[in-house]
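Below is one structure, written out as structure tokens; comments come after it.
The values are calculated or read from the model by the stated rules, or taken from the named source; none is laboratory data. Note that this is a predicted model, so its numbers are computed, not measured. All Cβ positions, glycine included, derive from the backbone under ideal geometry; neighbour counts span all protein chains shown.
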Amino acid sequence: MVARGLRALRGALRGAAGSGGRRLSTRPARVPAADYQDAIRTLNTLQTNASYLEQVKRERGDPRAQLEAMRGFLERSGLQVEDLDRLNIIHVTGTKGKGSACAFTERILRGYGLRTGFYSSPHLVQVRERIRINGQPLSKELFSKYFWLVYRRLRGTKDESQANMPAYFRFLTIMAFHVFLQEKVDLAVVEVGIGGAFDCTNIIRAPVVCGVSSLGIDHTSILGDTVEKIAWQKGGIFKPGVPAFTVPQPEQPLEVLRDRARECGCPLYLCPELDAFEAGTRVLELGLAGSHQRSNAALALQLSRTWLQRRGYEGTDVLQDVLPGAELSAQRSVPLAPTFCPSDAMIQGLRDTEWPGRTQVLPHGPVTWYIDGAHTTSSIQACVRWFRQAALNEDKPQDGSEVRVLLFNATGDRDTAALLKLLLPCHFDYAVFCPNFTEVSVAANSADQQNFNVTLENALTRCVENQKTWTRLMEEKGGPWLPAPLEVGGLLQPDPLRGALLLVPPAERPLNSTSLVFPCISHALQWITQGRDPHLPLPASKVGAHPHPVATSGAVLLQEAAAIRVLVTGSLHLVGGVLKLLDPTLSQ
């Protein structure tokens, strides 16, 4: 039955693409001429993350194999590990919030007139977002220049004993090091990819300071299935004599971090809460919304201050300790770092920080988008607190006609049921599920957002499973009638009038359907907005909003509601696809 359903799904996809359409392909791109799009297409040939992660699992007990391979790639590209010492690196890991902590830190230090480099992942819309100079994504021209420089060196050094190329993330990490060295940054803020101990960024041997953001459960197949195991991995970035800071953690993982620090002679400190820096009536304003960002900001203050002190920056004399020295306590397994009076540059840096896709609000006429790439249980909890507070702060329509919509997707080995259950208190009127593909046709998706490790067919199957989970959760909660559990077969139905693919359940009472599945992000957005978002252009050859035959009542409610509030969450890749469609300038 399932095999028959998947064959039907493939057939529908081929039919919808039209006679001139292209099928999704995982074949590597050709090696082309040296412009930006050709660089991205060639980079995509290195998308072997699935096999790379399998290799990580096999070599988990031997980090030297991982790091030796990375050192080999770095040397073949023309750099030595010692060269990285010149980058004055701030190395940051964690489960949630590490990107935000990096963004706060980079913005603070840029405010001191320093030339900053910032390496992060994943990107939202364009790959070049991962490598930033002074807060700006690398230009297309510079990205192309450094991509081809590194790529050709690695290709040119392949022989019988070195017949491989680094995988996607490893390549971009090596490229970032080249960029930061040749562009002569004063410092580089480097966000760990996955974990810490075995992460390819961990070839960094002498950072100026290290940081650990909030720990939780994620990437369990790679890092382990307990917070303690994950803490062990994260503590792998600690280096002898290099100060490290962590935000408050549960007792047991904090003890693991303490032990990892002691093993290698790393002085580890616990960050005081941000409240401790808000002397008197002063309240530190943050550029990123949500109460959970306060711990990330507190970490950034410690990282930036320590970097300034260790590099002998002239302005550090303004950073006076409020509490003399670190607070040592018999009850505290890690000493508390001192609080201090933040400088004007620090205060402004926290206020001016921007980090798209995280607790981001986009008001588009009657439609307000609440966008957050939360994808772990702890980050979804924080997202729910932020969304409920943000939605409460909005003016209520006088007639009370407000519709709440969840747009959700989750990938990898994450416990989708646990994530969706946490979202129930938001009281959504509709839940919409779609893959992370912007469009159904591969030709319509930009090379920056192509993922050859996931097929549309598998992604749609996951979406249907997510819808089933939501249906079950709503039924357990005693919610309204929902469609019966779905089978994959027969779900994709071409719309003869619009040439579109629609995922529809065989509902006996279609007017009451409150959960829907679409085959791509653009179709989902068209249905949610019903043509009412002035920033979202309607399809060129189509009139009216994208239909969904089992949600006609929903369409009427969305068309007539005074306010539509949409929470987009579950995946940073989903967030990236949504932002690409809502703000086309991000693709320029």
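Here are some notes:
- Residues of segment 133-147 that are crowded, with 17+ Cβ neighbours inside 10 Å and either touching a residue at least 60 places away in the same chain (Cβ under 8 Å) or under 20 Å from Gly373 (Cα atoms) (or both): Pro137, Phe143, Ser144, Phe147.
- Only residues that are crowded, with 22+ Cβ neighbours inside 10 Å, of a type in the set (Gly, Ala, Ser) and within 23 Å of Gln360 (Cα to Cα) were counted across segment 106-132, and they come to 1.
- Those residues of segment 393-414 which are among the charged types (D, E, K, R), surrounded by 15 or more Cβ atoms within 10 Å (Cβ to Cβ) and either within 18 Å of the chain's Cα centre (by Cα) or in a loop (DSSP other than H, G, I, E, B) (or both), in sequence order: Arg414
- Check on Pro496, surrounded by fewer than 22 Cβ atoms within 10 Å (Cβ to Cβ) and at pLDDT below 80: yes
- The set of residues in segment 33-51 being in contact with a helix residue (DSSP H, G or I) (Cβ under 7 Å, 6 or more places away or on another chain), modelled with pLDDT of 70 or more and of a type outside the set (A, V, I, L, M) consists of Asp35, Tyr36, Gln37, Arg41, Thr42, Asn44, Gln47.
- Residue match in segment 86-104 (condition: of a type outside the set (S, T, N, Q), more than 30 Å from Met346 (Cβ to Cβ) and in a helix (DSSP H, G or I)): no
- Residues within segment 52-91 that are of a type in the set (A, V, I, L, M, F, W, C) and modelled with pLDDT under 65, tallied: 2
- If the condition is being small (Gly, Ala, Ser), touching a residue at least 60 places away in the same chain (Cβ under 8 Å) and within 19 Å of Leu114 (Cβ to Cβ), then segment 167-218 contributes Ala188, Ala206, Gly211.
- Qualifying positions in segment 274-308 - in contact with a helix residue (DSSP H, G or I) (Cβ under 7 Å, 6 or more places away or on another chain), at pLDDT below 95 and of a type outside the set (Phe, Trp, Tyr): Ala289, Gly290, Ser291, His292
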